Amino acid sequence: PQPIHNSAKAVVSTQSTGGDSDMRSWTPPEKADILVSELLGSFSDNELSPECLDGAQRLLKDDGVSIPCEYTSYLAPIMCRRVYNNILKQNPDGPSPESFHMGYVVRLKNVWVFDKVKPCFTFRHPNHAAVMDNSRHISLEFTSDIEALLHGFAGYFDAHLYKDILISIHPDTHSPDMFSWFPMFFPLKVATLVRPGERILVDFWRVVDNVKVWYEWALSEPQPQPIHNSEGSTYWIGLFS
């Protein structure tokens, strides 16, 4: 067998042949029956799994299987005073505006979730779309039943590895004893007071250009705020290393 692995540090069995190469450009002696990857991040696609697996799809037979085969990111509005204060204190000279334009991987504790977690972006592999475009946009609506400060949005994911085999950091379906990923946190530059019954409206974008991928997010209700990380000004993931 010819294993295809995204990491040069991968350990393969003694009966396999390993290779050290970018799977987007590698040419194998034959196509694979199964493509196994470990490219998932805390927000599912934030380590460029869609771009890498789309690029590697040419290595897979027409009836080949991708593991994982599908993954979805999720969002929820949260109050998390401690995390927010830590962001404020990052710069000893005072809060840095850039600090609120990037995502953080955080083990969220002592937080208040305003409403149910909602799905954000989904990707499937193999990708049979006529035109492969991994840009995404979604508008999400939540409702608060208490009065509290909205500090930002928690990001989670789940992934179908094969058929009904699921791994998840979604609060409702979290895989038992799995600590490989902590949630993401997307802060708001201005913590916003939300009253009972008020809507929380937010737009999230996954933007892709020729060299990088980034997220943008903007609150429109209850108090509008400018787009965070506009044009990937602070936080982005490069497509080429």
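Computed quantities for the displayed model
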| read-out | value |
| --- | --- |
| Flag for residue 143 being more than 19 Å from residue 48 (Cβ to Cβ) and either aliphatic (A, V, I, L, M) or surrounded by fewer than 16 Cβ atoms within 10 Å (Cβ to Cβ) (or both) | yes |
| Residue count for segment 78-105, restricted to those that are open to solvent by less than 30 Å² (accessible area, probe 1.4 Å), assigned to a loop (DSSP other than H, G, I, E, B) and over 21 Å from residue 198 (Cα atoms) | 3 |
| Flag for residue 35 being in a strand (DSSP E or B), among the aliphatic types (A, V, I, L, M) and at pLDDT below 95 | yes |
| Residue list for segment 60-72, restricted to those being in contact with a Lys or Arg (Cβ under 7 Å, 6 or more places away or on another chain) and surrounded by 19 or more Cβ atoms within 10 Å (Cβ to Cβ) | 60 |
| Test result for residue 75, surrounded by 14 or more Cβ atoms within 10 Å (Cβ to Cβ), modelled with pLDDT under 90 and in contact with a Lys or Arg (Cβ under 7 Å, 6 or more places away or on another chain) | no |
| Scope segment 164-187; condition touching a Ser or Thr at 6+ places or on another chain (Cβ under 8 Å) and crowded, with 22+ Cβ neighbours inside 10 Å; matching residues | 169, 183, 184, 187 |
| Cross-chain or 6+ apart pairs with Cβ under 6 Å, segment 57-74 first and over 15 Å from residue 168 (Cα atoms), then at pLDDT below 90 and among the β-branched types (Val, Ile, Thr) | 59/4 |
| Odd one out for residue 203 among (1) assigned to a loop (DSSP other than H, G, I, E, B); (2) in contact (Cβ under 8 Å) with a residue 60 or more places away in the chain; (3) charged (D, E, K, R) | (1) |
| Verdict on residue 161 being outside any loop (DSSP other than H, G, I, E, B), open to solvent by less than 20 Å² (accessible area, probe 1.4 Å), touching a strand residue (DSSP E or B) at 6+ places or on another chain (Cβ under 9 Å) and modelled with pLDDT of 95 or more | no |
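The values are calculated or read from the model by the stated rules, or taken from the named source; none is laboratory data. It should be emphasised that the depicted structure is a prediction, and the values quoted were computed from it without experimental measurement. Don't worry about glycine lacking a Cβ; one is built from the backbone with ideal geometry, like all the others, and counts go over all protein chains shown. With ligands, DNA and RNA removed, areas are computed over all heavy atoms of the protein, side chains included. Shrake-Rupley method; radii C 1.70, N 1.55, O 1.52, S 1.80 Å.
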